[in-house]
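Report on the following structure.
The values are calculated or read from the model by the stated rules, or taken from the named source; none is laboratory data. What you are looking at is a predicted structure, and each value in this text was computed from that prediction instead of being measured. All Cβ positions, glycine included, derive from the backbone under ideal geometry; neighbour counts span all protein chains shown. Surface accessibility is based on the protein's heavy atoms, side chains included, excluding ligands, DNA and RNA. Shrake-Rupley method; radii C 1.70, N 1.55, O 1.52, S 1.80 Å.
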Amino acid sequence: MSDWPDVRLHVVTGKGGTGKSTVAAALALALAHGGRDVLLCEVEGRQGIARMFDVEPLPYEERRLATGLPGRRGRAGTVHALHVDPESALLEYLALYYHLGRAGRLLDRFGVVDFATTLAPGVRDVLLTGKVFEAAKPGGRRGGGRAYDAVVLDAPPTGRIVQFLGVSSELAGLAKVGPVKHQSDLMMGLFRSEATAVHLTTVLEEMPVQETADGITELRAAGLPVGGVVVDMVRPRDLDDEHLAAAGAGALDPGGVEHDLRAAGLDDEVADGLVDVLLADGRDHAVRRRLEDAQRERLATLGRPTYELPRLAGGVDLGALYELAGLLREQGMS
Amino acid sequence: MSRHRPRVGPRSSGGEQSPHLDVDALLADPTTRIVVCCGSGGVGKTTTSAALALRAAEQGRKVVVLTIDPARRLAQSMGIEELDNTPRPVVGIDAAAGGTLDAMMLDMKRTFDEVVESQASPDKAAQILANPFYVALSSSFAGTQEYMAMEKLGQVHRDAEADGTYDLVVVDTPPSRSALDFLDAPERLSSFLDGRFIRLLLAPARGPARFMTAGLGLVTGAVTKLIGAQVLRDMQTFVAAFDTLFGGFRARAERTFALLQADGTAFLVVASPEPDALREAAYFTERLADDAMPLAGLVVNRCSARPGGGAAVLSADEAVAAATRVGKRDPRSVTTGLLRLHADRARAVEREERLVERFGAAHPDVPVVAVAALAGDVHDLDGLRAVGRLLAGG
Ligand SMILES: Nc1ncnc2c1ncn2[C@@H]1O[C@H](COP(=O)(O)OP(=O)(O)OP(=O)(O)O)[C@@H](O)[C@H]1O
Ligand SMILES: Nc1ncnc2c1ncn2[C@@H]1O[C@H](COP(=O)(O)OP(=O)(O)OP(=O)(O)O)[C@@H](O)[C@H]1O
Ligand SMILES: [Mg+2]
Ligand SMILES: [Mg+2]
C-alpha cells in the first residue's frame, strides 16, 4: 500500500548532492507499475536523466524512457521523461496563450527571453513549473497530450524550492496583474492541494539534515504539502549494536579476529596486517554510525514518513536505479 | 588465496598517471598570493579553503580566507558567524612560525550595495538600492554570488597589496552546480546588463526618436501584456538609474579577471570521487587553460582509501569470499561483519581509483592529491588541521 495514494505530483527537493535526481528517477520507476504511466521531469538544464538512464540528451519533448519496476503481479508501467528549459517554455507559452507569432520571435531577437528568464527568476520559475503543471493538472491536457497517472519532478534544491513553486516569488510582488499572475495562481491551486507532495532527500550529515528541517518549516509556512523524507546513501550495517559499541570503544578482541581469519585460511593476509586494518575499518565505521544515528534521531523529531536507501558501493547505474526503486516500494513510498 | 593480487591500497598521491600535487610547496612559495578553490556543489570547497588557509598560516604566512556559507559549527569555530563582510582574526591558531589567519564570510548583498554606493552619488545610490529590480538582481540573479565573490577578492587583494596586512588570500567559491559558473558569472552579468533588451528599454530615455521603431512598440506591448505596465516602468527606472554604473561594473570585473590570470594566482579544483564531480573538474581544468588561468591541481576529496598505509589488504571479492567462509564456521563472529565492511570499502576504493585514473589519462599534466574522508565531520580547527595534513599528502 502506498503512503501517498492521492498524490499525482511528486516534487523531489533536498540539499545539493544529496540524491534528488537519483531518488526522483527511482521513485518514477517505482510508481510505474500495474500499467501506470509516469512522467519524470527535470528543470535544471543538466541532462541528468539522460545520463542516469544512459540515453541521448533529451529534447524539449516527452520521450519514452524506460519500463517501470513490475508490480507483484508482474505488470509494469512506463516512464516518460521531459527536459524543460526556460527559453523553449517561454516561446511555447507565448505562442499558446498570446498567439504572438511575429512579436514572439521578435521578443527572442531582442533578448527579452534572455532578460525575462534571467532577471526575473520568478518568471523563469513560472514557465518551468507551468510546463510541469500542464502534465500534472487535473482533467487532462490541452491539445490532447498524453495523460499521466503520476508526475515526478526532479526539483531545484531546498533553498530555492518555495520560491520555485511560486509562493513567495518576487513575481507575486512584481507582477501584480496580468496573465502570468493568473497562471501562477492556477498552479498554486494544484501545488497546495493534496494531489501534490514535496519530498525531501537528505544524507545523514549535519548540514543536509539541518537544511531538511529548515526546508520543512519553510514549506509549511508557505502552505505547501510536505511529503516524506528520503535518506539516501545510508551506510551498510554489518555490525550489530554490541559489536558496534565494542568497535567504537576499541574493545574488539584482536586475538579472536586473528583466530577467525586463520581458520578461514588467511594466514598470509594476517601476516600482512589484516587484523589491524579490519579493526581500523570497524573503528571508523563506528564513528560514522554514531554520527548517522544522531542525525537519524534529529530526523525522527521532524515527524515525517522516512525512507532509507543504502549507499551502493559500486555507484548508481541503471540496474541500481531499479534496485533503489524496489526499496522505495517495499517501504511504501510508491 | 593467491598472494598475487591487484593493488587496492590507497594512493594518497593520486593515480599512477598523474603527477603529485605538492600543496606545501604551493603554500610555501612566497609568489603564491591567491588560492581559489573551485568545484561543483558539496565537494568540500569551503573545508579545503579553510584547511589550506590554516595550514599556510601555521607555516608562517599572513593569510586571509574568504568563505561562503560555511557550516554553522565550522563558522563558530573560526569566529565568523557574523555576516559583516569584515575579516576577523581566527583564535586558536599556532602562531609559532609567525603567521596570522583572518577569516570572513561573504555577504553577497552587502558587497553589491557597497559597489553601488561607491560608484554612484548618494541620491542615485539610494534610488537604485530601493528599486525592486535591484533587489531581485542583487539577491537572486544566478551568478551574483560568484560576481560578488570575485569583487570581494579584488578588494581584499588590492588592500592587502597596498598595506601588507596579508600575503596570501584564500578564496572559497559559492555552492553552484557547476564550477564553471565562477568564471562565467561576471561575464554573464555584464553581458546581461549590456543586453539588447536593456538598451532597448533605455532608448526612450536617451531621447532620439529614431530608436522608437515599430519593433520596440511591439516588444514593449508584448511585455506589458505579459507582466503589466507597472513592472515595465520599474524596469525602465532601474535600467536608467543603473546605466551610468555599467561601465564601472565592467571595468571592475575585467580587472579581477586579469588578477585571476596573473602569476601569483593558483586555482585548486576540488572534486569528490564521483563521475559527475570529476567530469565537472575536467571541464573546469580545460576552461582554465583556455582562459590562461593558472591551475595548481586537482584535490579528490573524501576518498574511501585510508591514508598512511591502512591498505585494503583484500580486494572486495576476496573479502566477500572470506566473510562467507568465516560466517559458515561462526555466524555470530564479529569478523564476518568486519570483512563485509572491508569489502564495501575495497569496492569503493577500486571504483574511485578507476575514476581518478581515467581523469589522469585524459589530463596527464594535472597534479592530483587524494584526501581521505575523515570518519567525523570537519567542524573545528583540529579537523581542519587533519584535512590540511591529508592535503599535504600525509
Ligand atoms: N544510494 C546511492 N548509492 C551510491 N551513490 C549514490 C546513491 N545515491 C546517489 N548517489 C550518487 O551521489 C551523487 C549525487 O546524487 P544525485 O545526482 O542524485 O544528487 P542531486 O541531489 O540530484 O545532486 P544535484 O544537487 O547536483 O542535482 C551521484 O554521483 C549519484 O550517483
Ligand atoms: N575530507 C573530509 N572528510 C570528512 N568530511 C569532509 C571532508 N571534506 C569535507 N567534509 C564534510 O563535507 C561536507 C561538505 O563540505 P563543504 O561544506 O566544505 O563543501 P562545499 O563544496 O563547500 O559545499 P557547498 O557547495 O555547499 O558550498 C561538510 O559537512 C564537511 O564537514
Ligand atoms: Mg540533480
Ligand atoms: Mg561551501
Q: Among what's in region B:220-252 and is among the aliphatic types (A, V, I, L, M) and over 23 Å from B:Ala126 (Cα atoms), pick the residue that is modelled with the highest pLDDT.
A: B:Ala229
**Q.** Answer from A:Leu309, A:Leu252, A:Leu302, A:Leu327 - the residue that is in contact with a Leu (Cβ under 8 Å, 6 or more places away or on another chain) and either farther than 30 Å from A:Ala66 by Cα or facing chain B (nearest Cβ under 9 Å) (or both)
**A.** A:Leu252
Q) Which of (1) facing chain A (nearest Cβ under 7 Å); (2) free of Cβ contacts under 8 Å to residues at least 60 places away in the same chain is the odd one out, the single condition B:Arg332 does not satisfy? A) (1)
Q) Got a sec? Which helices (runs of 4 or more DSSP H) wholly within region A:47-154 have at least 3 residues that are within 25 Å of A:Thr22 (Cβ to Cβ) and modelled with pLDDT of 80 or more? A) A:48-53, A:121-136
Q: Please work out if B:Leu74 is within 16 Å of ligand 2 (Cβ to nearest atom) and within 14 Å of chain A (Cβ to nearest Cβ).
A: yes
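Any idea which of A:His243, A:His259 is over 30 Å from A:Val198 (Cα atoms), open to solvent by 60 Å² or more (accessible area, probe 1.4 Å) and at the interface with chain B (Cβ under 9 Å from one of its Cβ atoms)?
On inspection, the qualifying residue turns out to be A:His259.
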Q) With region B:298-394 as the region, which helices (runs of 4 or more DSSP H) entirely inside it contain at least 1 residues that are within 23 Å of B:Pro19 (Cα to Cα)? A) B:334-362, B:381-391
Q: Being within 7 Å of chain B (Cβ to nearest Cβ) and either in contact (Cβ under 8 Å) with a residue 60 or more places away in the chain or farther than 12 Å from B:Leu341 by Cβ (or both) is the filter here, so list the residues in region A:266-291 that pass it.
A: A:Leu266, A:Asp268, A:Glu269, A:Asp272, A:Gly273, A:Leu274, A:Val287, A:Leu291
Q. Given the residues B:Gly99, B:Gly164, B:Gly143, which is the only one that is at pLDDT below 85 and among the small types (Gly, Ala, Ser)?
A. B:Gly143
Q: Quick one: B:Ala103 ticks every box in (1) assigned to a loop (DSSP other than H, G, I, E, B); (2) touching a Gly at 6+ places or on another chain (Cβ under 8 Å) except a single one, so which number is it?
A: (1)
Q.
I'd like to verify a number: residues in region A:1-30 that are away from chain B (no Cβ under 14 Å) and open to solvent by 10 Å² or more (accessible area, probe 1.4 Å), how many?
A. 8
**Q.** Within region A:31-88, considering residues that are touching a residue at least 60 places away in the same chain (Cβ under 8 Å) and among the charged types (D, E, K, R), the one nearest to B:Ala179 (Cα to Cα)
**A.** A:Glu44
Q: Taking A:Val43 as meeting all but one of (1) modelled with pLDDT under 95; (2) away from ligand 3 (no atom under 13 Å from the Cβ), write down the number of the exception.
A: (2)
Q | Matching helices (runs of 4 or more DSSP H) fully within region A:214-328 where at least 3 residues are farther than 26 Å from B:Ala373 by Cα | A | A:254-263, A:267-271
